[in-house]
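Let me begin by presenting the structure, written as C-alpha cells, before commenting on it.
The values are calculated or read from the model by the stated rules, or taken from the named source; none is laboratory data. Values in this document were obtained by computation on a predicted structure and should not be read as measured data. Here Cβ is always computed from backbone atoms with ideal geometry, including for glycine, and neighbour counts include all displayed protein chains.
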Amino acid sequence: MKNFFGKSAFVAALIFVFLVVISCEKDFTDINSGVISNTKFTTGQAVLDFEIKPVDIESIAADNIGLPINSISLAVEYWLGVYNKTNAKKITAGFVSQLGLPSSLRNSAEPSVTDTIYNLDKVVLKIPYTAVSLGVNTEGVTTYKLDSILGDTSVPTKLKVYRNPTFLNRLNPSDPSKLNSFTSNFDYKETELLTETNGFSFTPKATDRTFRFQRLDRTKDVNNTTDMVTDSIQSIAIDTVSVPFIAIPLNLTTMKEIFWDKFNDLEFSSLDEFQKHFKGIIVEAEGDNGALVPLNLTPNTNLTIDFLYSKTVVKEAQDNEVIKDVYSFPLGGIQNSIYKTEPINSSIPDNSFVIQGTAGISAEIKILGVNLSNLEEANLLLNYADKDVDNNNYLDLKELASIRDVDNNEFGFLINDADLTFGVNDALSTNSDIVPQRLYVYQNKENENGGITPTHLTDSYEEASFFNGNLMSSESNVPQSYTFKITDYISDLMDGSSEDFSSLTLKVYNPTDNPLITGSLNENVFQYNWNPRSVVLFNQNGSEKTQLKISFSKKKN
C-alpha cells in the first residue's frame, strides 16, 4: 500500500504541474519560432516599399592572392571571351598569369655529343576548356560537352597574348605586412604582343582535341629551312584521355629570344630569377560579340606554354634521326581576371532594374517602409500614423521600432516572419539557365574611417538554411523570383538589438559570399565575383513589384 500511494502521489503531482504549464502557456510568447496566437496579442501583416538604386560596379577583387579558402580549397573561376547580352553590360574577359619553371632545360647537346642539334619548332599556349564527359561512343572515343558557355558560339572571338610588364607581388609593395590585391580593371600597360598572328580567333567546340601545325623536316638536312611536315599535339588529361582545348600559336622568333636562347643564363637559374625576367602573360579578348568560356586556371598538365623542339641526330649515308620533345611551362602562381565592361546598350523599362555579376551591376535597396496611404481603414498600423515623424507618409523601420509602451516597459512589434522578394521580369529574362541561380543581400555599414564595410546579415549564418536567395522558376523553366528570409535582421531592429538602419545591397551570389567560407565566421563580405550572369528584376512600379512582407504580433492595449 505504501508503494501504491507513493506512485499515486507522484502521478498527481506530475498532472498538477502539467495543468499549470498549459494554463500559463496562454501568456507565453516564442518570438523566434512563429506567429503568436494567444488572446493577449493581435497579429497582422505589412508590406514595405523600397527605393531601388542601381549601382555600377567599376571593378572587383580579381586575384587569387587573398582568396578565402576552407578545408575544400576554393578555386577562382576565370572567363575568356566576349559576352554581349541584351539588357546587360557587355563583358570582355581575359586573365593574367605567372608561369612555373620546368627543370633540366637544354637548348644544345653536351659538348661531347657533336652529332645532335637542338632546334625550336613551335611555341603554343594551351588552355583546356571546362568540359563534361559524355562517355565513350561506338568508335571507342570519349566525347565531351563544353560546360557553362555563355553567348554566341558561332561568332569567332579574337584573342591576343601579351607579355606582362608588371611584376605580380604577393605582398603590398607599400606595406609588406599586408597582402597585395589586383582588381579586375588594373592597367598592366601591355605593349609586347606574343601571339603569332594579330588576327588569331577561336570558336569553342567540344571536338577541339588536336592542334595540327607545320614544322621543318630535318630528316634529310638539319639546316633545311623550306620543307615542312605536318605534326600535331593533344591536350592530355591525368587519366590519359585527351580533352578539348584552345591552342594559341605564339611568335616563334620572339619566344626564342625571350626563352630558348636564355636557357643557360641567369634568368632561368631559379623560379625567382625567371619570374623577374618573364613576369607572366596577359590573355585578352576583343570584338563586338562572341562567346564567354569558363576556365580553370589551377596548374595542371594541360594548362601550359609548350616549347616543341627537335633533337636531330645527324647521320651519314642515311636519313637523320629526329627526336621530338617538349618543354612545358605551366601557368600558375599569381593569377587574376580582367573584366572590361561597356554600358547596357538597350532600354530597361521604368518598372525594372538589372543585377549582373563580375564587374556588372548591384543595387542599393533602401527600405522606405509601410505606405500609410495604401492601408485599409481597419489596419492597426493606422493607429500609429503620428509616428511618421518625417511626414513622408511612410512608417519606416526606425519609426516602427519606436512603437512601444516605454512607460510600462512593454515591447512593440514582435516579428514572426520577414520575406524579401524580388520578382523577375520574365519578358526580359526568359531562360532560367542563363540567369544567376542565386542572388545575395548584405548591408553596407558605415565604419569609423568614414567609409563603408560590406557586412553579412545575421540571417545568412544564424538561419542559413532559411536565408536562401535561390532562383524560383516555373515548370516550363521560366525564372520567376528570388526570396530572402530576413526575420532576424528585422527583429533585431524592432526590439532594439540593432540600431543600424542603413540600406541593403543586392548582388549576384558568389561562392565567397558564404560567411563561413574560411571555416569560421567572417562578418565582412568578400568583394570577389566571377559570375557574369545577369537578370532583370521588377522594382517598385507595377503589380509585380519588389516587396518586403512581414508578419508581426502586437500586444493589445
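Here is how the numbers come out for the structure above:
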item: Looking only at segment 289-337, and only at residues there that are among the acidic types (Asp, Glu) and outside any loop (DSSP other than H, G, I, E, B), the one that is nearest to residue 278 (Cα to Cα); result: 306
item: Positions within segment 74-89 being outside any loop (DSSP other than H, G, I, E, B) and closer than 14 Å to residue 341 by Cα, in sequence order; result: 79, 80, 81, 82, 83
item: Options 150, 120: the member that is within 30 Å of residue 56 (Cβ to Cβ) and touching a helix residue (DSSP H, G or I) at 6+ places or on another chain (Cβ under 7 Å); result: 150
item: Residue 4 being at pLDDT below 90 and on the phi < 0 side of the Ramachandran plot; result: yes
item: Pairs where the first residue, in segment 454-468, is assigned by TED's automatic domain parsing to the domain that holds residue 364 and within 20 Å of residue 527 (Cα to Cα) and the second is acidic (Asp, Glu) and at pLDDT below 95, C-beta under 6 Å, 6+ apart; result: 455/523; 456/523
item: Condition check for residue 344: in contact with a Lys or Arg (Cβ under 6 Å, 6 or more places away or on another chain), of a type in the set (Val, Ile, Thr), touching a residue at least 12 places away in the same chain (Cβ under 8 Å) and over 22 Å from residue 487 (Cα atoms); result: yes
item: Test: residue in segment 49-59 that is closer than 26 Å to residue 335 by Cβ, of a type outside the set (A, V, I, L, M) and crowded, with 19+ Cβ neighbours inside 10 Å; result: no
item: Residue 362 being touching a Lys or Arg at 6+ places or on another chain (Cβ under 6 Å) and either under 30 Å from residue 400 (Cβ atoms) or part of a strand (DSSP E or B) (or both); result: yes
item: Residue in segment 521-550 that is modelled with the lowest pLDDT, counting only those that are of a type in the set (S, T, N, Q) and outside any loop (DSSP other than H, G, I, E, B); result: 547
item: Verdict on residue 338 being assigned by TED's automatic domain parsing to the domain that holds residue 184, modelled with pLDDT of 95 or more and of a type in the set (Val, Ile, Thr); result: yes
item: Candidate set: segment 114-146, residues that are in a strand (DSSP E or B) and small (Gly, Ala, Ser); chosen: the one surrounded by the fewest Cβ atoms within 10 Å (Cβ to Cβ); result: 135
item: Residue match in segment 35-42 (condition: among the small types (Gly, Ala, Ser), closer than 27 Å to residue 365 by Cα and either modelled with pLDDT under 80 or buried (at least 19 other Cβ atoms within 10 Å of the Cβ) (or both)); result: no
item: Tally of residues being charged (D, E, K, R), part of a loop (DSSP other than H, G, I, E, B) and touching a residue at least 40 places away in the same chain (Cβ under 8 Å) across segment 248-270; result: 0
item: Residues satisfying the stated conditions in segment 175-189, i.e. farther than 17 Å from residue 92 by Cβ and either in contact with a His (Cβ under 7 Å, 6 or more places away or on another chain) or surrounded by 13 or more Cβ atoms within 10 Å (Cβ to Cβ) (or both); result: 179, 180, 181, 182
item: Within segment 71-113, considering residues that are closer than 30 Å to residue 364 by Cβ and among the polar types (S, T, N, Q), the one surrounded by the fewest Cβ atoms within 10 Å (Cβ to Cβ); result: 86
item: Exclusive hit being at pLDDT below 95, of a type in the set (A, V, I, L, M), farther than 20 Å from residue 442 by Cβ and surrounded by fewer than 21 Cβ atoms within 10 Å (Cβ to Cβ), set 368, 382; result: 382
item: The lone exception for residue 461 - which of (1) of a type in the set (Phe, Trp, Tyr); (2) closer than 23 Å to residue 48 by Cα; (3) at pLDDT 95 or above it fails; result: (2)
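Yes/no matrix, rows are residues, columns are (1) among the acidic types (Asp, Glu); (2) surrounded by fewer than 16 Cβ atoms within 10 Å (Cβ to Cβ); (3) over 26 Å from the mean Cα position of the chain (by Cα); (4) at positive phi:
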| position | (1), (2), (3), (4) |
| --- | --- |
| 246 | no, no, no, no |
| 258 | no, no, yes, no |
| 261 | yes, yes, yes, no |
| 276 | no, yes, yes, no |
| 280 | no, no, no, yes |
| 290 | no, no, no, yes |
| 295 | no, no, no, no |
| 301 | no, yes, no, no |
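Yes or no, residue by residue, for (1) assigned to a helix (DSSP H, G or I); (2) touching a residue at least 60 places away in the same chain (Cβ under 8 Å); (3) over 22 Å from residue 301 (Cβ atoms); (4) in contact with a Cys (Cβ under 8 Å, 6 or more places away or on another chain):
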residue	(1), (2), (3), (4)
204	no, yes, no, no
212	no, no, no, no
218	no, yes, yes, no
223	no, no, yes, no
246	no, yes, no, no
274	yes, yes, no, no
285	no, yes, yes, no
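Conditions tested, residue by residue: (1) over 18 Å from residue 94 (Cβ atoms); (2) of a type outside the set (Val, Ile, Thr); (3) assigned by TED's automatic domain parsing to the domain that holds residue 248.
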{"residue": "156", "(1), (2), (3)": "no, yes, yes"}
{"residue": "160", "(1), (2), (3)": "no, yes, yes"}
{"residue": "164", "(1), (2), (3)": "no, yes, yes"}
{"residue": "169", "(1), (2), (3)": "yes, yes, yes"}
{"residue": "173", "(1), (2), (3)": "yes, yes, yes"}
{"residue": "191", "(1), (2), (3)": "no, no, yes"}
{"residue": "198", "(1), (2), (3)": "no, yes, yes"}
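Residue-wise test of (1) among the β-branched types (Val, Ile, Thr); (2) at pLDDT below 95; (3) touching a strand residue (DSSP E or B) at 6+ places or on another chain (Cβ under 7 Å).
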residue	(1), (2), (3)
221	no, yes, no
234	no, yes, yes
245	no, yes, yes
255	no, no, yes
272	no, no, no
280	no, no, yes
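Results for (1) under 25 Å from residue 121 (Cα atoms); (2) of a type outside the set (Asp, Glu), shown as yes or no for each residue.
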residue	(1), (2)
213	yes, yes
225	yes, yes
243	yes, yes
248	yes, yes
257	yes, no
264	yes, yes
269	yes, yes
282	yes, yes
292	no, yes
